Amino acid sequence: MRFPIPFGILGSLLFSTAVLAQPTAKVKPKNPANTLPEFSLSRAEAEAHMRFLASDELQGRRTGDPGNLVAARYLAEQFRLLGVKPAPGQSTYFQMVPMQRYLAPSPGFVLVGRDTLRQGTQFVSVSPTKGELAGQTVYVGYGLADGPEGYNGRDVKGKIVVAQVGSPDAASGGALLAASQQKRKLAAEKGAIALVELYTQASYPWQFLTRYLSGEQTVLTPPSEGPGLPHIWVDNGKNQLSSLKDADQTVTFRTSGRPRTDLQTMNVVGMIEGTDPALKNEFVLMSAHYDHVGVGKQGGQPYTPADSIFNGARDNAIGTVGLLMAARALKAQPPKRSVLLVAYTGEELGLLGSKYYAEHPLVPLGQTIFNLNVDAAGYNDTSVVSVIGLDRTGAKAELEAAAKAFGMGVVGDPSPEQGLFDRSDNVSLAAKGVPAPTFTPGFRKFDESLARYYHQVADGPDTIDYGYLLKFCQAYAHAARLIGNRPSRPQWIAGDKYEAAGKALYK
Ligand SMILES: [Zn+2]
């Protein structure tokens, strides 16, 4: 399919009078930009990628499940077909991302004096190690240090360490859990046999917490965990277990620990070498997550026996189709800078694939000059594309020109109150200093027309506007090309919250 030449771009072009003067010249396009490969991408190809990636057969591409692995395989083999190479120094397109999935713990109990505490009601296991033991308690404050606030010289060898949940400055849930892991490591090093933490935090109600810690949870595998120790959090919201702060209380464990399994999943990474001898050492990173949320109750939203698959056509097959279509155009005629194509796994579980990539980049982040991420919730205005971070990341002119080349406008963050900039994979690299907006289908506000599909079983390939999908992919490819050809690197605008990280990264 040939896309009509938009009028907007014509005015800005230099006409070759030589070409215009030759009436016999063989259909030489008037518009040089229009000969670029992204102008002749095929709608059928975009639709074929979409119908495969968002198919029922891929079962919602849940991280680590077969549909997720098939999607990764598909992306890698499409890269191969296009002549896209693995990342520098790599022999495969796969970057394995080690993850663990915690599963629901089995019933168990803990005896404290005459009280019997039950798993999931009065206590939750937070370590995988099961407990079948009894011992005497030692209270150590927060249990994070040796000084008067912590162990204070107490011998805990062979004892059950009791500590307060959190730390003097841990406020968020993540910080509480991180402090908890640190305490377990320290207690194990000091020869304790188990760790009990007293939960009194007001920020998260105990019921919320038990539900969270008793359900399934997937995390990046920590680099080193140290020795295992039975480790529980107990509800002390009403100070009902204050006796545990007294020395030498007897506590008996009969707990299963939190069972877990290792997951196999990967980022898919390819590269297209730039044409400029110097600039090709700089990379424009194009990214999109390819995972989604799965089937049935895994999706966390209503479903029926007739339709239980969360196809994730918008979220985010649109993004991965964009990557593949851009790969075709940019491979056919590369820009001056090199392009790194990264399809992330684990986004729906907390940006895990991109967080892992940011810690283990396959091209140094100092050479990664820009990240154009695609993540799609849905669209309700097909005359535009939306760019979350448009005014912040220093490439507004290129992003606007790219959309205009395909007859579209650009709108910036339409729902700043949703904090979208910090809720997609772009933030993993933004936090490291890389200017990283998210390119997303046109939407004016998060209304019913988006909510109908967003994380719903209805988000299937039959509901996609394929004419718009093609234009969206074309604009995405063209934007990367324009940024890849820029004489200077895009910069964070002055005063942006990630500006300092950028200065440190590129100094
Ligand atoms: Zn999502």
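The values are calculated or read from the model by the stated rules, or taken from the named source; none is laboratory data. Owing to the predicted nature of the structure, the values given are computational and were not obtained by experimental measurement. Here the Cβ positions follow ideal geometry from the backbone for every residue, glycine too, while neighbour counts run over all protein chains shown. The accessibility values were calculated without ligands, DNA or RNA, using every heavy atom of the protein model including side chains. Shrake-Rupley method; radii C 1.70, N 1.55, O 1.52, S 1.80 Å.
Condition check ((1) buried (at least 24 other Cβ atoms within 10 Å of the Cβ); (2) out of contact with any strand residue (DSSP E or B) (no Cβ under 6 Å at 6 or more places or on another chain); (3) outside any helix (DSSP H, G or I)) across all residues:
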| position | (1), (2), (3) |
| --- | --- |
| K432 | no, yes, yes |
| A458 | no, yes, yes |
| C473 | yes, yes, no |
| Y476 | yes, no, no |
| A501 | no, yes, no |
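Consider L352 carefully, then state whether it is crowded, with 24+ Cβ neighbours inside 10 Å and either without any contact (Cβ under 8 Å) to a residue 60 or more places away in the chain or within 16 Å of the ligand (Cβ to nearest atom) (or both). Quick ask: steps written out before the conclusion?
Values: crowded, with 24+ Cβ neighbours inside 10 Å: yes; either without any contact (Cβ under 8 Å) to a residue 60 or more places away in the chain or within 16 Å of the ligand (Cβ to nearest atom) (or both): yes.
Yes; evaluated as a whole, the condition is true for this residue.
For Y303, are the conditions met, namely being open to solvent by 60 Å² or more (accessible area, probe 1.4 Å), out of contact with any Phe, Trp or Tyr (no Cβ under 7 Å at 6 or more places or on another chain) and at pLDDT below 95? Spell out how you get there, then give the answer.
Numbers: open to solvent by 60 Å² or more (accessible area, probe 1.4 Å): yes; out of contact with any Phe, Trp or Tyr (no Cβ under 7 Å at 6 or more places or on another chain): yes; at pLDDT below 95: no.
For Y303, the condition - open to solvent by 60 Å² or more (accessible area, probe 1.4 Å), out of contact with any Phe, Trp or Tyr (no Cβ under 7 Å at 6 or more places or on another chain) and at pLDDT below 95 - is not met.
Quickly run through region 231-253 and pick out the residues that are assigned to a loop (DSSP other than H, G, I, E, B) and open to solvent by less than 10 Å² (accessible area, probe 1.4 Å). Can you show your working first?
The initial filter retains those residues of region 231-253 that are assigned to a loop (DSSP other than H, G, I, E, B), namely 236-241, 246-249.
Passing the criteria: N236, L241.
List the number of the failed condition for F310; all other conditions in (1) open to solvent by less than 10 Å² (accessible area, probe 1.4 Å); (2) more than 11 Å from Q59 (Cα to Cα) hold.
All conditions are met except number (2).
Being in a strand (DSSP E or B), farther than 18 Å from A480 by Cα, of a type in the set (V, I, T) and under 27 Å from the mean Cα position of the chain (by Cα) is the filter here, so list the residues in region 254-295 that pass it.
Of the residues in region 254-295, the ones in a strand (DSSP E or B) are 254-255, 260-263, 266-272, 283-289, 292, 295.
Next cut, farther than 18 Å from A480 by Cα only: 254-255, 260-263, 266-268, 292, 295.
Going one step further and asking which of them are of a type in the set (V, I, T), we end up with 255, 261, 268, 295.
Answer for region 254-295, where residues must be in a strand (DSSP E or B), farther than 18 Å from A480 by Cα, of a type in the set (V, I, T) and under 27 Å from the mean Cα position of the chain (by Cα): T261, V268, V295.
Yes or no, residue by residue, for (1) among the basic types (K, R); (2) surrounded by 21 or more Cβ atoms within 10 Å (Cβ to Cβ); (3) at pLDDT 95 or above; (4) within 16 Å of the ligand (Cβ to nearest atom):
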| residue | (1), (2), (3), (4) |
| --- | --- |
| S256 | no, no, no, no |
| P259 | no, no, no, no |
| V268 | no, yes, yes, no |
| G274 | no, yes, yes, no |
| K280 | yes, no, yes, no |
| A288 | no, yes, yes, yes |
| G296 | no, no, yes, no |
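Considering only region 317-325, I want to know if a residue exists there that is within 13 Å of the ligand (Cβ to nearest atom), under 21 Å from the mean Cα position of the chain (by Cα), on the phi > 0 side of the Ramachandran plot and open to solvent by less than 10 Å² (accessible area, probe 1.4 Å).
no
Considering only region 311-335, state which residues are under 24 Å from P487 (Cα atoms) and touching a Pro at 6+ places or on another chain (Cβ under 9 Å).
Matches in region 311-335: R328, A329, L330, K331, A332, Q333.
Could you tell me which numbered condition V110 fails, if it satisfies all but one of (1) β-branched (V, I, T); (2) within 26 Å of P223 (Cβ to Cβ); (3) in contact (Cβ under 8 Å) with a residue 40 or more places away in the chain?
(2)
Search region 199-223 for residues that are in contact (Cβ under 8 Å) with a residue 12 or more places away in the chain and pair each with any residue that is assigned to a helix (DSSP H, G or I) and acidic (D, E) when their beta-carbon atoms are under 9 Å apart and the residues are at least 6 apart or on different chains.
Listed pairs, sorted by first residue: L220/E359.
Step by step: first the residues of region 383-396, then only those that are open to solvent by 20 Å² or more (accessible area, probe 1.4 Å) and either under 20 Å from R444 (Cα atoms) or among the aromatic types (F, W, Y) (or both), then the one that is farthest from the ligand (Cβ to nearest atom). Which residue is that?
Just the residues of region 383-396 that are open to solvent by 20 Å² or more (accessible area, probe 1.4 Å), to begin with: 383, 391-392, 394, 396.
Filter again for either under 20 Å from R444 (Cα atoms) or among the aromatic types (F, W, Y) (or both), leaving 383, 391-392, 396.
Values: S383: 24, D391: 24, R392: 22, K396: 26 Å.
Ranking the candidates gives K396 first.
Is it fair to say S386 is under 28 Å from S40 (Cα atoms) and among the hydroxyl-bearing types (S, T, Y)? Don't jump to the end; show me each part of the working.
Numbers: under 28 Å from S40 (Cα atoms): yes; among the hydroxyl-bearing types (S, T, Y): yes.
In short, yes.
Taking interchain pairs and intrachain pairs at least six residues apart, which have beta carbon atoms under 8 angstrom, with the first residue in region 427-447 and farther than 21 Å from I483 by Cα and touching a residue at least 40 places away in the same chain (Cβ under 8 Å) and the second open to solvent by less than 10 Å² (accessible area, probe 1.4 Å) and in a helix (DSSP H, G or I)?
F443/L450
Listed here are the residues, each with its yes/no results for (1) modelled with pLDDT of 95 or more; (2) within 16 Å of the ligand (Cβ to nearest atom); (3) within 21 Å of H289 (Cβ to Cβ).
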| residue | (1), (2), (3) |
| --- | --- |
| S428 | yes, yes, yes |
| A436 | yes, no, yes |
| L450 | no, yes, yes |
| K507 | no, no, no |
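Select from region 359-382 the residues that are within 22 Å of I483 (Cα to Cα) and open to solvent by 10 Å² or more (accessible area, probe 1.4 Å) and write down the one among them that is nearest to the ligand (Cβ to nearest atom).
Of the residues in region 359-382, the ones within 22 Å of I483 (Cα to Cα) are 361-376.
When the remaining residues are screened for being open to solvent by 10 Å² or more (accessible area, probe 1.4 Å), the result is 361-362, 364-367, 375.
Values: P361: 24, L362: 24, P364: 29, L365: 25, G366: 30, Q367: 30, D375: 7 Å.
Checking each candidate, the answer is D375.
Looking at (1) open to solvent by 20 Å² or more (accessible area, probe 1.4 Å); (2) away from the ligand (no atom under 16 Å from the Cβ); (3) touching an Asp or Glu at 6+ places or on another chain (Cβ under 8 Å); (4) farther than 13 Å from Q78 by Cβ, which one does A332 not meet, given that it meets all the others?
Here A332 meets the rest and fails (3).
With (1) out of contact with any Leu (no Cβ under 7 Å at 6 or more places or on another chain); (2) aliphatic (A, V, I, L, M); (3) over 23 Å from D459 (Cβ atoms); (4) open to solvent by 30 Å² or more (accessible area, probe 1.4 Å) as the list, and A403 as the residue in question, which single condition is left unmet?
(4) is the only condition that A403 fails.
Look through region 416-430, keep the residues that are within 19 Å of N267 (Cα to Cα) and out of contact with any strand residue (DSSP E or B) (no Cβ under 6 Å at 6 or more places or on another chain), and return whichever of them is most open to solvent (accessible area, probe 1.4 Å). Give the steps one after another, and end with the answer.
At the first step, the residues of region 416-430 found to be within 19 Å of N267 (Cα to Cα) are 423-430.
Those still in the list that are out of contact with any strand residue (DSSP E or B) (no Cβ under 6 Å at 6 or more places or on another chain) too: 423, 427-428, 430.
Values: R423: 123, V427: 20, S428: 14, A430: 0 Å².
Filtering first and then ranking leaves R423.
A quick yes/no check of all residues on (1) in contact (Cβ under 8 Å) with a residue 24 or more places away in the chain; (2) open to solvent by less than 50 Å² (accessible area, probe 1.4 Å); (3) of a type in the set (V, I, T):
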position	(1), (2), (3)
A87	yes, yes, no
G120	yes, yes, no
G141	no, yes, no
D146	no, no, no
K157	yes, no, no
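Are there strands (runs of 3 or more DSSP E) fully within region 67-159 with at least 3 residues that are under 38 Å from the mean Cα position of the chain (by Cα)? List them.
Working: elements: 94-96, 99-102, 109-112, 115-118, 123-125, 131-139.
Counting at least 3 such residues, we get 94-96, 99-102, 123-125.
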